[in-house]
Amino acid sequence: MDVTQCGLGPQRPEFRLPSDIDGVRQDLFTKGIAFVEDCDESSLVHLGNQLGEIVRPRNEKTHGSGISHIRFAPNLTGKGYSSEELFFHTDRSGWDEPPRILMSTLKSRSETGGESLLADGYQVLEVLKQEDEELYDLITNSKHTSFRSDDEVFVPRAIFDRKKGILRFRFDDSIQLSASMVSRFSKLHDIIYENAFVVSLQPGQGYILDNHRYLHGRASFSGSRELLRVLVKPHAPRREMVVLFDIDGTLCRSEELSIDAYFSCVSAVVGKTITHANTPVNLHGQTDLSLLHAILEYHGVDDKSLLTEKFFQLHPQYLEESNARGLPAVPCPGAKEILGWLTEYRNKRYPPFHIGLLTGNSRPNALLKLRAAGIDTSMFDLEISSFGDVHPNRQSLFQDSFAKLQAWYGLGINAHDIIIVGDTPLDIECAKQSGCSIIAVATGGYKLDDLALLQPDFCCSRLTEAKDFLALKFA
């Protein structure tokens, strides 16, 4: 394989130690690939056992640990045991469900060549959908590709199974292509290369990838080279339920406090008087970041990046000062009661569900408002929460929380097991776009009938009315 064709070029990835299980999981489940270093046979096996059940290699020599030694050997068949190039592929593509995780570590490096070539298959699929819809239809239809199973029978399987989310691919005598697929293969070849990158591994370095997502290959080499490989079937994921709360208008009301502190801070940062009265921007559903940019844009302020950094450094101080002057934050009707009920309900349930925040406030301001309203913030898992000082909209907030949840809980997290609780049409829109459930509560600036017209999963005038809905979701 010509490494110069890889459109993303050579990369120097961030390597983790194999003992950093949480970091490896986070990279694997959010990026589709994690890189490791200082990894030998025993640490590779230990890491595999932490991630799931090691799949014993078939028709391969092993030492009983599940490790395959991929090296040039005249008595072994298959390109993996040669010094020839290996085109982009996924492992065990002929299986009904290929192992989800592939782990590899370079034991000894070749004299020349042998670089690892990698491509995020999801990125390739996205490009195909945008650039060549006809080719995308071909690779998602099992009529056009068949893969050789272990009993030597070719079974019709799509390159990408949209229902299962499994990408399988190879280009050797273990795949059969229809005439339509053959005629379009050069386009697929080019798109894979355009979205591929090169990594030159040193002994002890390797990668752990999602074998249902990532394509990997290898350049030809000269001299001896040995790679250690382990295939892993992840442990059956435990279903994880999550509730993500908006704050303003959902858990507490603090309009005077928020407006006073926000515009006082903006005025100090910009150096001129900016008030709510002279700034006709919509406050509802905005994040602190998007609101700041809208205000600066309206007043013709150009240097947004420097002022944004300064604003978020000072804003919590202004909020504290406004609160100290008597501007209050008060709990929304039913908010403290539902949070108390959720905490008690969570403690009785196994596995417990998770409660986080999905708010347009910055983290320090979010916690300050909740405490000022007499709400105990210790019940919220801040590691899975998202805040509005770095995100411009609700969808971005959700994607951030979802990535954090995947990093912690991996395959056990699905969007349909997440419940967003909010008080604005933007909260409802965010949930619908993300595939989540949504509880809309009319304790903010919108009436019950207006929210109900947008068809949330549940609509209520106060959050205590949502107990039965939540209990049913957790059942």
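General remarks:
- Between Asp137 and His299, the simple label model (points 7 Å from Cα in the Cβ direction) yields a spacing of 5.4 nm.
- Overall form of segment 233-272 per C-alpha gyration tensor (a/c, 1.5; a/b vs b/c): oblate
- As a fraction of the 1.4 Å probe accessible area of the chain, surface on carbon and sulfur atoms comes out at 48 percent.
- Cβ-based charge dipole, segment 107-197, positive-most Cα from Ala196, Ser149, Thr112: Ser149
- Proximal charge balance of Phe474 [Cβ under 13 Å; K/R count +1, D/E count -1]: +2
- The listed residues Arg218, Arg363 rank as Arg363, Arg218 when sorted by accessible area, largest first, using a 1.4 Å probe.
- Segment 218-288-segment 6-37 distance, computed between alpha-carbon centres (Å): 23
- Against the chain, whose longest principal axis is taken from its Cα atoms, helix 363-372 shows a tilt of about 40°.
- Hull volume in cubic angstrom per residue (convex hull over the Cα atoms of segment 297-359): 172
- Net charge over other residues, Cβ less than 14 angstrom from the Cβ of Arg325 (K, R count +1; D, E count -1): -4
- The accessible area of Trp341, taken with all protein chains in place and a 1.4 Å probe, comes to roughly 50 Å².
- Secondary structure note: in the chain, about 70% of the DSSP beta bridges are antiparallel.
- Cα extents of segment 332-384 along the three principal axes, largest first (Å): 32, 25, 15
- Only the Cβ atoms of Lys and Arg (+1) and of Asp and Glu (-1) were treated as charged; on that basis the dipole of the chain about its Cα centre amounts to roughly 1060 debye.
- Proximity of backbone amide H atoms, modeled 1.01 Å from N, is registered between Ile166 and Asp161 at under 5 Å, excluding neighbours fewer than 5 places apart on the same chain.
- Distance-filtered residues of segment 345-366 - backbone nitrogen under 12 Å, label point 7 angstrom along Gln399 Cα→Cβ: none
- Summarised as an ellipsoid, segment 340-475 has semi-axes of 20, 19, 17 Å, derived from the eigenvalues of the Cα gyration tensor scaled by 5 and square-rooted, with the largest first.
- Thr343 accessible area, assembled protein chains, probe 1.4 Å, Å²: 40
- Kirkwood hydrodynamic radius of segment 84-135, from inverse mean 1/r over distinct Cα pairs, in Å: 14.2
- Computed extension gain for Ala415 through Ile259, at 0.36 nm per residue and net of the alpha carbon distance, reaches 52.8 nm.
- Alpha-carbon centroid distance for the pair segment 339-367 / segment 199-213, whole angstrom: 37
- Residue list for segment 223-260, given a label point 7 angstrom along the Cα-to-Cβ vector of Tyr345 and an amide N cut-off under 17 Å: 240-246, 251
- Interchain or long-range residues, amide H under 5 Å from Ser149's placed H: Phe154, Val155
- Solvent-accessible surface of the chain, averaged per residue with a 1.4 angstrom probe and all protein chains in place: 45 square angstrom.
- Cα gyration tensor shape for segment 149-239, rounded if a/c is under 1.5, else prolate or oblate: oblate
- In the context of the full protein assembly, His46 retains an accessible surface of approximately 100 Å², using a probe radius of 1.4 Å and ignoring ligands and nucleic acids.
- The listed residues Val330, Val127, Val242 rank as Val330, Val127, Val242 when sorted by accessible area, largest first, using a 1.4 Å probe.
- Put simply, the C-alpha atoms of segment 347-417 give a gyration tensor, and the ellipsoid matching it has half-axes of 21, 18, 8 Å, longest first.
- Principal axis extents of the Cα atoms in segment 298-407, from largest to smallest and rounded to whole angstrom, are 53, 38, 20.
- When only alpha carbons of segment 95-163 are considered, Rg and Dmax amount to 16.1, 43 Å.
- Stokes-Einstein D in µm²/s, Kirkwood radius over Cα pairs - the chain at 25 °C with 0.890 mPa s viscosity: 97
- Count Lys and Arg as plus one, Asp and Glu as minus one, and take only other residues whose Cβ is under 10 Å from that of Thr250; the net charge is then -3.
The values are calculated or read from the model by the stated rules, or taken from the named source; none is laboratory data. Treat the numbers as computed from the prediction; the structure is a model and nothing was measured. Cβ coordinates were reconstructed from backbone atoms using ideal geometry, including for glycine residues, and neighbour counts include every protein chain displayed. Calculation scope for accessible area: heavy atoms of the full protein, side chains included, ligands and nucleic acids excluded. Shrake-Rupley method; radii C 1.70, N 1.55, O 1.52, S 1.80 Å.
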